């Protein structure tokens, strides 16, 4: 089973989502490498995708999500996504890097117009309804 670490980053304009070419928006993060846990993967992928100038509060565990992948009507694999939350600090400057083509801020006003992939399509609406510390 593939294990992923993702980060829901809250900033002044909402929650940050990113997209690879031809894909829907998702939370920054990705697959854990051999010997790496999901927290380490989330931190490494965040730096690769958004650069080192992204200053965040401490990553905090938020939720776990299991996704079943299907091909030809049959389940082909399962993926485990662990989501952490963080807040962008004032001096944080996210910029799309590496394989990331687009970056956007999702908020209550544009949520219905933003195509989100799993697990962002589940996590982002819930987080937009809550206050963070």
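The values are calculated or read from the model by the stated rules, or taken from the named source; none is laboratory data. Just so it is clear, the model here is predicted, and its values are computed rather than measured. Quick reminder, even Gly has a Cβ in these numbers, built from the backbone with ideal geometry, and neighbours come from all protein chains shown.
Count of the range 22-65 residues, restricted to those that are under 16 Å from residue 124 (Cα atoms) and part of a strand (DSSP E or B), is 9. Being under 18 Å from residue 120 (Cα atoms), out of contact with any helix residue (DSSP H, G or I) (no Cβ under 8 Å at 6 or more places or on another chain), in a strand (DSSP E or B) and modelled with pLDDT of 90 or more is true of residue 86. Of the set (1) at pLDDT 90 or above; (2) in contact with a strand residue (DSSP E or B) (Cβ under 7 Å, 6 or more places away or on another chain), all apply to residue 132 but (1).
Taken together, the residues in the range 1-10 that are surrounded by 14 or more Cβ atoms within 10 Å (Cβ to Cβ) and farther than 16 Å from residue 60 by Cα amount to 1. Checking each residue in the range 66-81 for being over 20 Å from residue 100 (Cβ atoms) and either assigned to a helix (DSSP H, G or I) or touching a residue at least 40 places away in the same chain (Cβ under 8 Å) (or both) picks out 67, 77, 78, 80. Residue count for the range 33-64 under the criterion of being within 22 Å of residue 20 (Cα to Cα) and loosely packed, with under 11 Cβ neighbours inside 10 Å: the result is 1. Please indicate, with yes or no, whether at least one residue in the range 11-21 is closer than 14 Å to residue 104 by Cα, out of contact with any strand residue (DSSP E or B) (no Cβ under 6 Å at 6 or more places or on another chain) and surrounded by 15 or more Cβ atoms within 10 Å (Cβ to Cβ). Taking every residue of the range 11-21 in turn, at least one turns out to be closer than 14 Å to residue 104 by Cα, out of contact with any strand residue (DSSP E or B) (no Cβ under 6 Å at 6 or more places or on another chain) and surrounded by 15 or more Cβ atoms within 10 Å (Cβ to Cβ).
Take residue 94 and decide whether it is within 23 Å of residue 125 (Cβ to Cβ) and assigned to a loop (DSSP other than H, G, I, E, B).
Details: within 23 Å of residue 125 (Cβ to Cβ): yes; assigned to a loop (DSSP other than H, G, I, E, B): yes.
So residue 94 passes the test.
As a summary of the residue check, residue 79 satisfies the conditions (1) crowded, with 20+ Cβ neighbours inside 10 Å; (2) in contact with a strand residue (DSSP E or B) (Cβ under 6 Å, 6 or more places away or on another chain); (3) at pLDDT below 95 except for the one numbered (1).
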